[in-house]
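Here's the structure, in structure tokens; my notes come after.
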Amino acid sequence: MLARRLGFLGLLAPAGLLLAALFLFPLANMAALSVRTRFPGAFTYTLEHYAKFVTEPYFLQVTQTTFTLAVVVTILTIVLGYPVAYYFVRSRSRLKHVIFLLVISPLLVSIVVRTIGWTIVLGNEGLVNNLLRALGATREPLPLMNNFWSVTVGMVHVLLPFMILSIASVLGKIDPALEESAAVLGANPAWTFWRVTLPLSVQGIAAGSILVFCLTIGAYITPWWLGRGKVLLFSTTIYDQMLAIIDWPFGSAAAMLLVAATMVVVTVYFTLLRHVGPR
């Protein structure tokens, strides 16, 4: 028994050391930096940076916008991604292989390229505004860029494959005989989906939601490019504090608050998830 435990520890050691070196150690350094009055130079310890972030309206608005964006993007990717994942898993058509290629193809293109592509679509001289002017629907270009919804569209496009693949991986493990049994017992397709398929696929939705939520919280380039400073998020605020204002202690405090808030949301999410699903 002891030898087996030592063997397991030996297998976990490389990953544990890598995690400590690349995540835990920098996180500890950032936590220590966040309670310093200044960096570099002589300093004293203080919690004023945390107090500033949670009391000033500007930073409270940043927090609200960040988590609102993450929730909206997560919900939209579930709504858009579930039907695609269901079709990909359950369809017997040869087209499902094409669907699979379409799902993973965005992952083969840089996020920067995909984000700039939305500028071509939504910009003042972009595809949508040129089409509306050609149809006579408007004379002046519509302000489709530099707002919350342009950032939302860009983030949904970037993160939708993660949701689809997460749901599809779980749907593919559900035995179709369960749905056939429900049909034999008199359940219609809608009731079968609601009472059998959806509860059994909750774990896939949960995995995809965590991926999309956390990636949205930490996204920088897409919100920055499509928001152009008008959509204030944690990531852009931390960047400004660290590299523009050069206030490393306050930027570190903002980063630590982001980590703590994300962990709280994820913990609550998994706690609620225990009460949902097949019983």
### Query
Here is a list of conditions, (1) surrounded by 16 or more Cβ atoms within 10 Å (Cβ to Cβ); (2) at pLDDT 85 or above, and Met263 meets all of them except one; can you say which number that is?
(1)
### Query
Of everything in region 12-38 that's in contact (Cβ under 8 Å) with a residue 24 or more places away in the chain and in a helix (DSSP H, G or I), which residue is surrounded by the most Cβ atoms within 10 Å (Cβ to Cβ)?
Ser34
#### Entry: Check on Arg92, outside any helix (DSSP H, G or I), of a type in the set (Lys, Arg) and touching a helix residue (DSSP H, G or I) at 6+ places or on another chain (Cβ under 8 Å)
no
### Message
As an exercise: evaluate Ala168 against (1) surrounded by 13 or more Cβ atoms within 10 Å (Cβ to Cβ); (2) modelled with pLDDT under 85; (3) among the aliphatic types (A, V, I, L, M); (4) within 19 Å of the chain's Cα centre (by Cα) and give the number of the one condition it does not meet.
### Response
(2)
### Query
Is one or more of the residues making up region 215-233 in contact with a Pro (Cβ under 8 Å, 6 or more places away or on another chain), buried (at least 19 other Cβ atoms within 10 Å of the Cβ) and at pLDDT 85 or above?
yes
### Task
Would you point out the residue of region 46-99, among those that are in contact (Cβ under 8 Å) with a residue 12 or more places away in the chain and of a type in the set (Gly, Ala, Ser), that is farthest from Ile210 (Cα to Cα)?
Ala85
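Residue by residue, here is whether (1) within 29 Å of the chain's Cα centre (by Cα); (2) loosely packed, with under 14 Cβ neighbours inside 10 Å holds:
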| position | (1), (2) |
| --- | --- |
| Pro176 | no, yes |
| Val184 | no, yes |
| Thr192 | no, no |
| Gly204 | yes, no |
| Phe213 | yes, no |
### Query
In region 39-57, how many are part of a helix (DSSP H, G or I) and of a type in the set (Val, Ile, Thr)?
2
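The values are calculated or read from the model by the stated rules, or taken from the named source; none is laboratory data. As the structure is a computational prediction, the values presented were derived from the model and not from experiment. Ideal geometry is used to build each Cβ from the backbone, glycine not excepted, and the neighbour counts take in all protein chains shown.
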